[in-house]
Amino acid sequence: DRRPRVLSGIQPTADSFHLGNYLGALRQWVALQESHEAFYCVVDLHAITVEHDPKELAQRTRVAAAQLLGLGLDPQRCTLFVQSHVPEHARLSWVLECITGFGEAGRMTQFKDKSARHGADRATVGLFTYPVLQAADILLYQADQVPVGEDQRQHLELTRNLAQRFNHRFGATFQVPEPYIPQATAKIFDLQDPTAKMSKSASSPSGIVELLDPPKTSAKKIRSAVTDNEREIRYDPETKPGIANLLTINAAMTDRKVSEVEAEYEGRGYGDLKKDLGEIVAAFAEPFAERVRGYLADPAELDRVLAHGATRAREVSGATLAAVHERIGF
Ligand code: ADP
Ligand code: NA
């Protein structure tokens, strides 16, 4: 396989993915399995960097995998696995921690944000070294490209620095990955605060459309979305962020340009825009939820798919780790 390689992961830290995850990231994952040799993982090691409930984590990991399959990841066309099933991740992470500067790790802004949110005294060492584990995730697969959002740029820069440092010190071992930021990637905002990104960790429940929400719930959330006091439907993220967000979601869900959607609603009211978007989301979410239920109803098959993914992932990551160990004198 001589297609470029991509690696991406998502945390199993919610009961459902949301529209931001889907339109900003997961939709690209599905597209990339055609053009790239793709490795995708549910990153449960990352999920324990904050306090968690073991039963809930186990269930969310399975639901995350079922959702990825339900969105169209095809285990014949990509490698889909659970991070903790592949021990190479934790083992490479340790080696990389030993070439990461303490100050260098301390400059990661996401750690500063998250530790502030959880309270500095409750922040764990795992949360601090999280970006190094993320570097291990990527470098184990010799990924050429990493599809990331703007928020992950700094972590990818650390990954590149660690790869170059290791290669320089111990000999060429790692592919140095490039960020891959697809043009079409949408940034989706919170329905209740359309100046903040829709986020499972920061948004209120009514600000997030979860993919597994019943269609009635999504329609209601969309109907209650914060807009503005004008009447005109126009794409203007500066002065009309709520309407701009609804137009962006509509365009992304229907594969159209925002300008086309804008034209469709010229002279029409906010109520129409919201009602239609509720229906567009429902048309997507209903068959999606049905597929997810199907995957969850057959646990043995889901286990088989994930075991197959882990085996394939270990072939690649095991070879990288063996080379690393040899270079460092193990
Ligand atoms: P959250 O911010 O809800 O905690 P994650 O950080 O787990 O979500 O993000 C998983 C993926 O979804 C990442 O690739 C991230 O860039 C993308 N993503 C998350 N929220 C949004 C959003 N509101 N708009 C676009 N992409 C998003
Ligand atoms: Na996040």
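A few comments on the model shown:
- Test result for LEU23, in contact (Cβ under 8 Å) with a residue 40 or more places away in the chain, buried (at least 21 other Cβ atoms within 10 Å of the Cβ) and of a type in the set (A, V, I, L, M, F, W, C): yes
- Inter-residue pairs, beta-carbon under 8 Å, first at pLDDT below 95 and in region 3-19, second basic (Lys, Arg), 6+ apart: THR13/ARG60; THR13/LYS200; ALA14/ARG60; ALA14/LYS200; ASP15/ARG60
- Among helices (runs of 4 or more DSSP H) entirely within region 50-142, having at least 1 residues that are of a type in the set (Ser, Thr, Tyr) and at pLDDT 95 or above singles out 54-71, 88-97, 125-139.
- Residue match in region 162-178 (condition: within 12 Å of ligand 1 (Cβ to nearest atom) and under 21 Å from the mean Cα position of the chain (by Cα)): no
- Some residue of region 24-37 being hydrophobic (A, V, I, L, M, F, W, C), under 23 Å from VAL176 (Cβ atoms) and within 8 Å of ligand 1 (Cβ to nearest atom): yes
- Filter result for PHE166 (in contact with a strand residue (DSSP E or B) (Cβ under 9 Å, 6 or more places away or on another chain) and modelled with pLDDT of 95 or more): no
- Tabulated pairs, region 148-161, first in contact (Cβ under 8 Å) with a residue 12 or more places away in the chain and closer than 9 Å to PRO179 by Cα, second in a loop (DSSP other than H, G, I, E, B) and near ligand 1 (Cβ under 10 Å from one of its atoms), C-beta under 6 angstrom, 6+ apart or interchain: LEU156/VAL148
- Cβ pairs under 7 Å, 6+ apart, first in region 277-306 and within 30 Å of VAL261 (Cβ to Cβ), second hydroxyl-bearing (Ser, Thr, Tyr) and surrounded by 12 or more Cβ atoms within 10 Å (Cβ to Cβ): GLY278/SER218; ILE280/THR254; VAL281/SER218; ALA282/SER218; ALA285/SER218
- Filter pass, ASP190 being in contact with a strand residue (DSSP E or B) (Cβ under 9 Å, 6 or more places away or on another chain) and more than 27 Å from ARG107 (Cα to Cα): yes
- Consider region 20-46 and keep the residues that are more than 16 Å from ligand 2 (Cβ to nearest atom) and of a type in the set (Asp, Glu). The one that is modelled with the lowest pLDDT is GLU34.
- All of LEU140, LEU127 fail the test of being touching a residue at least 40 places away in the same chain (Cβ under 8 Å), away from ligand 2 (no atom under 16 Å from the Cβ) and not charged (D, E, K, R), apart from LEU140.
- Filter pass, THR173 being crowded, with 17+ Cβ neighbours inside 10 Å and either small (Gly, Ala, Ser) or assigned to a loop (DSSP other than H, G, I, E, B) (or both): yes
The values are calculated or read from the model by the stated rules, or taken from the named source; none is laboratory data. Keep in mind it's a predicted model, so treat the numbers as computed, not measured. Neighbour counts run over all protein chains shown; Cβ positions are idealised from the backbone, glycine included.
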